[in-house]
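The values are calculated or read from the model by the stated rules, or taken from the named source; none is laboratory data. The structure displayed is predicted, hence computed values, not measured ones. Positions of Cβ are backbone-derived with ideal geometry, glycine not excepted, and every protein chain shown enters the neighbour counts. Keep in mind that these areas ignore ligands, DNA and RNA; they rest on the heavy atoms of the full protein, side chains included. Shrake-Rupley method; radii C 1.70, N 1.55, O 1.52, S 1.80 Å.
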Amino acid sequence: MRRPRGVALNLLVGDEFNGLFRSFAHTAFRLEVRDRYDAPYENESLRKFLAEELDDLLWIQGWLAMIRDATAAGRRFTRVRVVSLPLSEYSRFGVWCAQFTNDAGEDIRYLTRDQARAEELPEHDYWLFDSRKLVRMHFDECDRFLGGEVVADPAVVVEHNYWRDAAWHRAVERDHFANEQNVERVQRQ
């Protein structure tokens, strides 16, 4: 999925990007393929997790409330995280945080990088809304989110639906994966 040279990307950011999570009708799926993300709003919690300090998790409360509201309205959030083994510190943090999003109603599952390669999954993150609206995620060289690119090509959307289904079929539920990888299910608050 290459764009012609010299064509600038029109990336959704801020409220425009966040609006995607309020506007879908039925399903929102995310494929995550990076071993690290640099999200300023979660960096302090990551630091606390690594230092085994208590954390109030204030940064995630809005996301959890949105998931609970969507779930109550019959809308579904699902996600597959592709991870390298052994887990990076960031991936361990992600597995730990997933207990809270799963409890709120999002279904986060895990797939090893070797399995993802065997399934020929893409090496980029994306959101797929209602199986028809594809938003490819873009990051800079320091793992910071730049924005989401809406991809309208029907063949590319179908391809990403296929990848979603292949990933979901092979992915392991969060709690099972956490047990396998010895990531505790306790809230540090």
**Message:** With every protein chain left in place and a probe of 1.4 Å, what is the accessible surface of VAL83, to the nearest 10 Å²?
**Reply:** 10 Å²
**Message:** Please give me the summed charge of the neighbours of THR112: other residues whose Cβ is under 15 Å from its Cβ, Lys and Arg +1, Asp and Glu -1.
**Reply:** 0
**Fill in**
Once all protein chains are kept in place, LYS48 shows an accessible area at probe 1.4 Å, nearest 10 Å², of 40 Å²
**Complete:** Where a ≥ b ≥ c are root eigenvalues of the Cα gyration tensor, a/c under 1.5 meaning rounded, otherwise prolate if a/b exceeds b/c and oblate otherwise, the stretch 46-156 counts as oblate
**Item:** Probe 1.4 Å, protein heavy atoms only - accessible area per residue of the stretch 1-159 in square angstrom
**Value:** 53 Å²
**Prompt:** Taking the Cα atoms only, what angle lies between the long axis of helix 89-104 and the longest principal axis of the chain, rounded to 10 degrees?
**Reply:** 90 degrees
**Request:** List every residue whose amide H lies under 5 Å from the amide H of VAL172, counting only residues 5 or more places away in sequence or on a different chain, with H placed 1.01 Å from N in the peptide plane.
**Result:** TYR110, LEU111
**Nearest 10 degrees, 0 to 90: helix 40-51 Cα axis against the chain principal axis** = 30 degrees
**Request:** Compute the convex hull volume of the Cα atoms of the stretch 1-101, divide it by the residue count, and report the result per residue in Å³ as a whole number.
**Result:** 149 Å³
**Request:** Tell me which label goes with the value of log10 I(q)/I(0) by the Debye sum over Cα atoms at q = 0.08, 0.09, 0.18, 0.19 Å⁻¹ computed from the coordinates here: (i) -0.25, -0.32, -1.43, -1.60; (ii) -0.37, -0.46, -1.26, -1.32; (iii) -0.26, -0.33, -1.21, -1.33.
**Result:** (i)
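Restricting things to alpha carbons, find the Rg to Rh ratio for the stretch 117-180 using the Kirkwood radius for Rh.
Taking Rg over the Kirkwood Rh, I get 1.03.
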**Prompt:** In square nanometres, what is the average projected area of the Cα convex hull of the stretch 26-68?
**Reply:** 4.1 nm²
**Request:** Work through the residues other than PRO154 whose Cβ is under 13 Å from its Cβ and net out their charges, Lys, Arg +1 and Asp, Glu -1.
**Result:** 0
**Message:** Please report the antiparallel percentage of the DSSP beta bridges confined to the chain, to the nearest 5.
**Reply:** 60 percent
**Request:** Measure off, as a whole percent, the carbon and sulfur share of the 1.4 Å-probe accessible area of the chain, all protein chains present.
**Result:** 48 percent
**Request:** Give the angle, between 0 and 90 degrees and rounded to the nearest 10, that separates the Cα long axis of helix 61-72 from the longest principal axis of the Cα atoms of the chain.
**Result:** 70 degrees
**Per-residue SASA entry for LEU54, accessible area with 1.4 Å probe, Å² rounded to 10** = 120 Å²
**Asked** Between SER84, VAL135, GLY74, whose Cα lies farthest towards the positive end of the dipole of the stretch 39-189 when Lys and Arg beta carbons carry +1 and Asp and Glu beta carbons carry -1, centred on the Cα centre?
**Response** GLY74
**Prompt:** Projected onto the charge dipole of the chain (+1 at Lys/Arg Cβ, -1 at Asp/Glu Cβ, origin at the Cα centre), which of PHE145, PRO122, PHE93 gives the Cα projection farthest towards the positive end?
**Reply:** PRO122
**Request:** Taking only Cα atoms and a 10 Å spring cutoff, compute GNM fluctuations for the chain and point out the largest among TRP59, TRP163, TRP96.
**Result:** TRP59
**Request:** Run the dipole for the stretch 22-121 about the Cα centre, Lys and Arg Cβ at +1, Asp and Glu Cβ at -1, nothing else charged, and hand back the magnitude in debye, nearest 20.
**Result:** 400 debye
**Complete:** Taking only protein heavy atoms and a 1.4 Å probe, the highest-to-lowest accessible-area order of SER45, SER131, SER23 is SER23, SER131, SER45
